[in-house]
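Asker: I am attaching a structure below and will ask some questions about it afterwards.
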Amino acid sequence: MLTRSLLAGAALTVTTTLALATPAAARTLEAVASFTVLADMVRQVGGDHVHVVSLVPPNGDPHEFEPTPDDAKLLKTADVVFTSGLGLEGWFGRLAKAAGYQGKPVIASDGIKTRAMQEDGRTIIDPHAWNSIPNALIYVADITKALSKTDPEDAAAFEANAARYSAQLKDLDSYARREIDAVPQAQRKVLTTHDALSYFGAAYHVTFISPLGFSTENEPSAAQVAAVIRQIKAQHVGSYFFENSNDPRLVKQIAEATGAQPGGELYVEALSPPDGPAATYADMFKYDVDRLVAGMKTTPKS
(Lines give C-alpha, C1' and ligand atoms only; values in the text may rest on other atoms or scores of the structure.)
Protein backbone atom coordinates (compact mmCIF):
# COMPACT_ATOMS: atom_id res chain seq x y z
CA MET A 1 0.00 0.00 0.00
CA LEU A 2 2.84 2.38 0.92
CA THR A 3 4.72 1.65 -2.29
CA ARG A 4 1.57 2.18 -4.38
CA SER A 5 0.88 5.50 -2.60
CA LEU A 6 4.44 6.72 -3.15
CA LEU A 7 4.23 5.87 -6.85
CA ALA A 8 0.91 7.65 -7.20
CA GLY A 9 2.32 10.71 -5.43
CA ALA A 10 5.36 10.73 -7.69
CA ALA A 11 3.18 10.49 -10.77
CA LEU A 12 1.06 13.39 -9.55
CA THR A 13 4.19 15.47 -8.92
CA VAL A 14 5.53 14.77 -12.43
CA THR A 15 2.17 15.56 -14.01
CA THR A 16 1.89 18.83 -12.07
CA THR A 17 5.45 19.82 -12.97
CA LEU A 18 4.83 19.16 -16.67
CA ALA A 19 1.61 21.15 -16.56
CA LEU A 20 3.38 24.12 -15.00
CA ALA A 21 6.26 23.86 -17.47
CA THR A 22 3.97 23.81 -20.53
CA PRO A 23 3.02 27.37 -21.57
CA ALA A 24 -0.68 28.03 -21.86
CA ALA A 25 -1.94 28.57 -25.37
CA ALA A 26 -2.08 32.28 -26.18
CA ARG A 27 -5.63 33.64 -26.14
CA THR A 28 -6.91 35.10 -29.37
CA LEU A 29 -7.96 38.72 -28.90
CA GLU A 30 -11.53 39.58 -29.80
CA ALA A 31 -11.47 42.89 -31.69
CA VAL A 32 -14.35 44.93 -33.05
CA ALA A 33 -13.83 47.57 -35.76
CA SER A 34 -16.41 50.08 -36.86
CA PHE A 35 -16.22 49.41 -40.61
CA THR A 36 -14.58 47.06 -43.09
CA VAL A 37 -11.56 49.15 -44.12
CA LEU A 38 -10.49 49.54 -40.51
CA ALA A 39 -11.26 45.90 -39.72
CA ASP A 40 -8.92 44.78 -42.50
CA MET A 41 -6.11 46.97 -41.20
CA VAL A 42 -6.53 45.47 -37.73
CA ARG A 43 -6.56 42.00 -39.28
CA GLN A 44 -3.32 42.65 -41.18
CA VAL A 45 -1.52 43.78 -38.03
CA GLY A 46 -3.10 41.27 -35.66
CA GLY A 47 -2.60 38.20 -37.82
CA ASP A 48 -3.40 34.90 -36.13
CA HIS A 49 -3.48 36.52 -32.69
CA VAL A 50 -6.60 38.61 -33.30
CA HIS A 51 -10.13 37.78 -34.42
CA VAL A 52 -11.71 40.87 -35.96
CA VAL A 53 -15.38 41.66 -36.61
CA SER A 54 -16.57 44.69 -38.57
CA LEU A 55 -19.81 46.29 -37.41
CA VAL A 56 -20.62 47.81 -40.80
CA PRO A 57 -20.73 44.97 -43.37
CA PRO A 58 -19.03 44.84 -46.80
CA ASN A 59 -20.56 47.37 -49.23
CA GLY A 60 -22.14 49.09 -46.20
CA ASP A 61 -22.32 52.85 -45.68
CA PRO A 62 -20.57 53.82 -42.40
CA HIS A 63 -22.47 57.13 -42.29
CA GLU A 64 -25.96 55.63 -42.35
CA PHE A 65 -25.28 52.42 -40.42
CA GLU A 66 -27.98 51.38 -37.95
CA PRO A 67 -26.60 49.16 -35.14
CA THR A 68 -28.54 46.08 -34.02
CA PRO A 69 -28.76 44.27 -30.66
CA ASP A 70 -26.25 41.74 -32.01
CA ASP A 71 -23.78 44.59 -32.58
CA ALA A 72 -24.26 45.64 -28.97
CA LYS A 73 -23.36 42.11 -27.83
CA LEU A 74 -20.19 42.18 -29.94
CA LEU A 75 -19.14 45.47 -28.42
CA LYS A 76 -19.77 44.30 -24.87
CA THR A 77 -17.61 41.17 -25.22
CA ALA A 78 -14.73 42.73 -27.20
CA ASP A 79 -11.22 42.94 -25.79
CA VAL A 80 -10.46 46.01 -27.90
CA VAL A 81 -12.65 48.28 -30.06
CA PHE A 82 -11.43 50.39 -32.98
CA THR A 83 -13.10 53.39 -34.57
CA SER A 84 -11.78 55.73 -37.22
CA GLY A 85 -13.01 58.84 -35.44
CA LEU A 86 -13.13 62.38 -36.89
CA GLY A 87 -16.92 62.23 -36.79
CA LEU A 88 -17.33 59.24 -39.11
CA GLU A 89 -19.23 56.99 -36.69
CA GLY A 90 -22.01 59.26 -35.48
CA TRP A 91 -23.95 56.19 -34.38
CA PHE A 92 -21.24 54.80 -32.07
CA GLY A 93 -22.39 56.65 -28.96
CA ARG A 94 -25.89 55.15 -29.23
CA LEU A 95 -24.43 51.69 -29.70
CA ALA A 96 -22.07 52.03 -26.72
CA LYS A 97 -24.95 53.13 -24.50
CA ALA A 98 -27.15 50.24 -25.64
CA ALA A 99 -24.32 47.78 -25.03
CA GLY A 100 -23.40 49.19 -21.63
CA TYR A 101 -19.91 49.59 -23.04
CA GLN A 102 -17.72 51.35 -20.47
CA GLY A 103 -14.43 51.12 -22.34
CA LYS A 104 -12.68 53.70 -24.47
CA PRO A 105 -12.42 52.82 -28.17
CA VAL A 106 -9.10 53.17 -29.96
CA ILE A 107 -9.24 56.12 -32.37
CA ALA A 108 -7.18 54.81 -35.28
CA SER A 109 -6.87 58.24 -36.93
CA ASP A 110 -4.98 59.72 -33.98
CA GLY A 111 -2.12 61.83 -35.34
CA ILE A 112 -3.68 62.51 -38.76
CA LYS A 113 -3.29 66.01 -40.16
CA THR A 114 -6.96 66.60 -40.85
CA ARG A 115 -8.56 68.43 -43.75
CA ALA A 116 -11.48 70.81 -43.32
CA MET A 117 -14.32 71.43 -45.76
CA GLN A 118 -17.24 73.82 -46.04
CA GLU A 119 -20.73 72.35 -45.91
CA ASP A 120 -23.95 74.33 -45.54
CA GLY A 121 -21.99 77.31 -44.26
CA ARG A 122 -20.19 75.25 -41.62
CA THR A 123 -16.54 74.23 -41.42
CA ILE A 124 -16.30 70.50 -40.75
CA ILE A 125 -13.52 67.91 -40.57
CA ASP A 126 -13.34 65.39 -43.39
CA PRO A 127 -13.44 61.95 -41.70
CA HIS A 128 -12.24 59.90 -44.72
CA ALA A 129 -8.58 60.04 -43.72
CA TRP A 130 -7.70 56.46 -44.72
CA ASN A 131 -7.98 57.33 -48.42
CA SER A 132 -4.29 58.17 -48.75
CA ILE A 133 -1.41 55.83 -48.03
CA PRO A 134 0.52 58.30 -45.82
CA ASN A 135 -2.54 58.42 -43.56
CA ALA A 136 -3.04 54.66 -43.74
CA LEU A 137 0.46 54.23 -42.31
CA ILE A 138 -0.61 56.32 -39.30
CA TYR A 139 -3.63 54.06 -38.87
CA VAL A 140 -1.32 51.03 -38.90
CA ALA A 141 0.94 52.58 -36.25
CA ASP A 142 -2.02 53.40 -33.99
CA ILE A 143 -3.45 49.90 -34.41
CA THR A 144 -0.10 48.29 -33.63
CA LYS A 145 0.30 50.35 -30.48
CA ALA A 146 -3.20 49.48 -29.27
CA LEU A 147 -2.88 45.74 -29.94
CA SER A 148 0.52 45.62 -28.23
CA LYS A 149 -0.90 47.38 -25.19
CA THR A 150 -3.85 44.99 -25.03
CA ASP A 151 -1.73 41.88 -25.61
CA PRO A 152 1.92 42.59 -24.64
CA GLU A 153 2.94 38.94 -25.06
CA ASP A 154 2.34 39.12 -28.81
CA ALA A 155 3.74 42.62 -29.32
CA ALA A 156 6.71 41.34 -31.33
CA ALA A 157 4.37 39.58 -33.75
CA PHE A 158 2.27 42.71 -34.13
CA GLU A 159 5.38 44.79 -34.84
CA ALA A 160 6.59 42.31 -37.46
CA ASN A 161 3.19 42.19 -39.15
CA ALA A 162 2.97 45.99 -39.14
CA ALA A 163 6.43 46.34 -40.69
CA ARG A 164 5.56 43.91 -43.47
CA TYR A 165 2.18 45.54 -44.09
CA SER A 166 3.63 49.07 -44.05
CA ALA A 167 6.19 48.07 -46.69
CA GLN A 168 3.34 46.80 -48.87
CA LEU A 169 1.45 50.06 -48.45
CA LYS A 170 4.51 52.15 -49.28
CA ASP A 171 4.90 50.18 -52.51
CA LEU A 172 1.24 51.01 -53.28
CA ASP A 173 1.90 54.69 -52.60
CA SER A 174 4.76 54.67 -55.12
CA TYR A 175 2.56 52.86 -57.63
CA ALA A 176 -0.24 55.43 -57.24
CA ARG A 177 2.10 58.38 -57.71
CA ARG A 178 3.71 56.83 -60.77
CA GLU A 179 0.39 56.00 -62.44
CA ILE A 180 -1.31 59.31 -61.65
CA ASP A 181 1.74 61.39 -62.58
CA ALA A 182 1.43 59.93 -66.09
CA VAL A 183 -1.94 61.72 -66.47
CA PRO A 184 -1.70 65.41 -67.48
CA GLN A 185 -2.65 67.67 -64.57
CA ALA A 186 -5.46 69.31 -66.58
CA GLN A 187 -7.18 65.91 -66.89
CA ARG A 188 -7.03 64.96 -63.23
CA LYS A 189 -10.66 65.87 -62.53
CA VAL A 190 -13.33 63.36 -61.56
CA LEU A 191 -17.02 63.39 -60.63
CA THR A 192 -17.86 61.18 -57.62
CA THR A 193 -20.89 60.64 -55.39
CA HIS A 194 -19.76 62.46 -52.24
CA ASP A 195 -16.76 64.21 -50.71
CA ALA A 196 -14.86 61.14 -49.56
CA LEU A 197 -11.61 61.54 -51.49
CA SER A 198 -10.15 64.89 -50.45
CA TYR A 199 -7.22 63.19 -48.69
CA PHE A 200 -6.58 61.14 -51.82
CA GLY A 201 -6.85 64.27 -53.95
CA ALA A 202 -4.40 66.21 -51.78
CA ALA A 203 -1.86 63.39 -51.70
CA TYR A 204 -1.98 62.51 -55.40
CA HIS A 205 -3.05 65.85 -56.95
CA VAL A 206 -6.48 64.89 -58.25
CA THR A 207 -9.57 67.15 -58.16
CA PHE A 208 -12.85 65.52 -57.11
CA ILE A 209 -16.23 67.15 -57.68
CA SER A 210 -19.21 65.79 -55.74
CA PRO A 211 -22.90 66.69 -55.44
CA LEU A 212 -23.04 65.43 -51.85
CA GLY A 213 -20.99 66.61 -48.89
CA PHE A 214 -18.82 64.50 -46.63
CA SER A 215 -21.82 62.45 -45.48
CA THR A 216 -24.25 60.54 -47.67
CA GLU A 217 -26.98 61.44 -45.18
CA ASN A 218 -27.16 64.92 -46.71
CA GLU A 219 -29.28 65.72 -49.76
CA PRO A 220 -28.16 68.50 -52.15
CA SER A 221 -30.59 71.20 -53.23
CA ALA A 222 -31.54 71.74 -56.87
CA ALA A 223 -29.33 74.84 -56.88
CA GLN A 224 -26.33 72.85 -55.60
CA VAL A 225 -26.82 70.20 -58.28
CA ALA A 226 -27.05 72.89 -60.95
CA ALA A 227 -23.82 74.45 -59.67
CA VAL A 228 -22.04 71.09 -59.88
CA ILE A 229 -23.26 70.62 -63.46
CA ARG A 230 -21.93 74.05 -64.44
CA GLN A 231 -18.59 73.33 -62.77
CA ILE A 232 -18.19 69.98 -64.53
CA LYS A 233 -18.95 71.52 -67.93
CA ALA A 234 -16.60 74.45 -67.32
CA GLN A 235 -13.73 72.18 -66.25
CA HIS A 236 -14.36 69.56 -68.95
CA VAL A 237 -14.52 66.66 -66.49
CA GLY A 238 -14.28 63.49 -68.56
CA SER A 239 -15.54 60.74 -66.27
CA TYR A 240 -17.78 59.98 -63.32
CA PHE A 241 -17.71 57.25 -60.68
CA PHE A 242 -20.23 55.93 -58.22
CA GLU A 243 -19.39 54.21 -54.95
CA ASN A 244 -20.18 50.68 -53.87
CA SER A 245 -21.76 51.87 -50.61
CA ASN A 246 -23.95 54.64 -52.07
CA ASP A 247 -26.95 55.16 -54.35
CA PRO A 248 -25.59 55.98 -57.86
CA ARG A 249 -28.70 57.65 -59.28
CA LEU A 250 -27.79 61.27 -58.54
CA VAL A 251 -24.27 61.11 -59.93
CA LYS A 252 -25.56 59.35 -63.07
CA GLN A 253 -28.18 62.09 -63.50
CA ILE A 254 -25.48 64.76 -63.30
CA ALA A 255 -23.24 62.86 -65.71
CA GLU A 256 -26.02 62.67 -68.29
CA ALA A 257 -26.37 66.45 -68.15
CA THR A 258 -22.64 67.06 -68.58
CA GLY A 259 -21.35 64.44 -70.99
CA ALA A 260 -19.08 62.81 -68.39
CA GLN A 261 -18.48 59.17 -69.24
CA PRO A 262 -18.91 56.24 -66.80
CA GLY A 263 -15.65 55.21 -65.17
CA GLY A 264 -17.13 52.43 -63.04
CA GLU A 265 -17.42 51.77 -59.35
CA LEU A 266 -15.04 52.97 -56.65
CA TYR A 267 -14.52 51.46 -53.21
CA VAL A 268 -14.11 54.49 -50.99
CA GLU A 269 -15.40 53.68 -47.50
CA ALA A 270 -16.42 50.02 -47.70
CA LEU A 271 -14.65 46.90 -48.90
CA SER A 272 -16.26 44.41 -51.23
CA PRO A 273 -17.24 40.91 -50.08
CA PRO A 274 -14.31 38.43 -50.08
CA ASP A 275 -14.98 37.35 -53.68
CA GLY A 276 -15.03 40.96 -54.96
CA PRO A 277 -12.26 43.18 -56.34
CA ALA A 278 -11.66 45.09 -53.09
CA ALA A 279 -11.66 42.48 -50.34
CA THR A 280 -8.75 44.17 -48.52
CA TYR A 281 -7.64 47.77 -48.10
CA ALA A 282 -4.60 47.16 -50.31
CA ASP A 283 -6.79 45.63 -53.02
CA MET A 284 -9.25 48.51 -52.70
CA PHE A 285 -6.59 51.17 -53.05
CA LYS A 286 -4.97 49.67 -56.14
CA TYR A 287 -8.34 48.99 -57.74
CA ASP A 288 -9.40 52.62 -57.23
CA VAL A 289 -6.13 53.98 -58.59
CA ASP A 290 -6.44 51.86 -61.73
CA ARG A 291 -10.07 52.88 -62.30
CA LEU A 292 -9.36 56.57 -61.69
CA VAL A 293 -6.35 56.67 -64.00
CA ALA A 294 -8.35 55.04 -66.80
CA GLY A 295 -11.27 57.42 -66.21
CA MET A 296 -9.15 60.58 -66.13
CA LYS A 297 -7.87 59.76 -69.59
CA THR A 298 -11.44 59.77 -70.92
CA THR A 299 -12.69 62.69 -73.05
CA PRO A 300 -16.16 63.99 -72.15
CA LYS A 301 -18.95 63.48 -74.68
CA SER A 302 -19.88 66.76 -76.31
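Asker: Just to be sure, is Thr36 of a type outside the set (Phe, Trp, Tyr) and either in contact with a helix residue (DSSP H, G or I) (Cβ under 6 Å, 6 or more places away or on another chain) or without any contact (Cβ under 8 Å) to a residue 24 or more places away in the chain (or both)?
Answerer: no
Asker: Can you name every residue in segment 272-296 that is under 17 Å from Val42 (Cβ atoms) and either touching a Cys at 6+ places or on another chain (Cβ under 8 Å) or of a type in the set (Phe, Trp, Tyr) (or both)?
Answerer: Tyr281, Phe285
Asker: Let me ask something else. Do we have Ala160 as surrounded by fewer than 21 Cβ atoms within 10 Å (Cβ to Cβ), more than 23 Å from Val32 (Cβ to Cβ) and in the same structural domain as Met284 (by TED's automatic domain parsing) here?
Answerer: Considered against the rule, which asks whether it is surrounded by fewer than 21 Cβ atoms within 10 Å (Cβ to Cβ), more than 23 Å from Val32 (Cβ to Cβ) and in the same structural domain as Met284 (by TED's automatic domain parsing), Ala160 comes out as no.
Asker: For the structure I just gave you, tell me whether Ser109 is among the small types (Gly, Ala, Ser), farther than 17 Å from Ala33 by Cβ and either surrounded by 22 or more Cβ atoms within 10 Å (Cβ to Cβ) or assigned by TED's automatic domain parsing to the domain that holds Ser34 (or both).
Answerer: Criteria not met by Ser109.
Asker: Identify the single condition in (1) over 18 Å from Gln44 (Cβ atoms); (2) assigned to a helix (DSSP H, G or I); (3) touching a Phe, Trp or Tyr at 6+ places or on another chain (Cβ under 8 Å) that Val190 does not satisfy, given that it satisfies every other one.
Answerer: In the conditions (1) over 18 Å from Gln44 (Cβ atoms); (2) assigned to a helix (DSSP H, G or I); (3) touching a Phe, Trp or Tyr at 6+ places or on another chain (Cβ under 8 Å), Val190 misses (2) alone.
Asker: Under the condition of being within 22 Å of the chain's Cα centre (by Cα) and within 14 Å of Val293 (Cβ to Cβ), which residue from segment 163-179 is surrounded by the most Cβ atoms within 10 Å (Cβ to Cβ)?
Answerer: Among them, the one singled out is Ala176.
Table: residues versus (1) over 25 Å from Val140 (Cβ atoms); (2) touching a helix residue (DSSP H, G or I) at 6+ places or on another chain (Cβ under 8 Å); (3) in contact (Cβ under 8 Å) with a residue 40 or more places away in the chain.
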{"position": "Leu55", "(1), (2), (3)": "no, yes, yes"}
{"position": "Pro58", "(1), (2), (3)": "no, yes, yes"}
{"position": "Glu64", "(1), (2), (3)": "yes, no, yes"}
{"position": "Ala72", "(1), (2), (3)": "yes, yes, no"}
{"position": "Leu75", "(1), (2), (3)": "no, yes, yes"}
{"position": "Phe82", "(1), (2), (3)": "no, yes, yes"}
{"position": "Gly85", "(1), (2), (3)": "no, no, yes"}
{"position": "Glu89", "(1), (2), (3)": "no, no, yes"}
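Asker: Go through segment 270-296 and give me each residue that's among the hydroxyl-bearing types (Ser, Thr, Tyr) and within 21 Å of Ser174 (Cα to Cα).
Answerer: Within segment 270-296, Thr280, Tyr281, Tyr287 meet the criteria.
Asker: Looking for something over 25 Å from Ile112 (Cα atoms), at pLDDT 95 or above and hydrophobic (A, V, I, L, M, F, W, C) - is there at least one such residue anywhere in segment 44-65?
Answerer: No, segment 44-65 has no match at all.
Asker: Can you tell me which residues in segment 38-94 are among the hydrophobic types (A, V, I, L, M, F, W, C) and at positive phi?
Answerer: Hit for segment 38-94 is Leu86, nothing else.
Asker: Only residues that are buried (at least 18 other Cβ atoms within 10 Å of the Cβ) and touching a strand residue (DSSP E or B) at 6+ places or on another chain (Cβ under 8 Å): list them for segment 68-100, please.
Answerer: Correct list: Leu74, Leu75, Ala78, Val80, Val81, Phe82, Thr83, Ser84, Gly85, Leu86, Glu89, Phe92.
The values are calculated or read from the model by the stated rules, or taken from the named source; none is laboratory data. These numbers were taken from a predicted model, which means no experiment stands behind them. Here the Cβ is made from the backbone with ideal geometry for all residues, glycine too, and neighbour counts use every protein chain on show.
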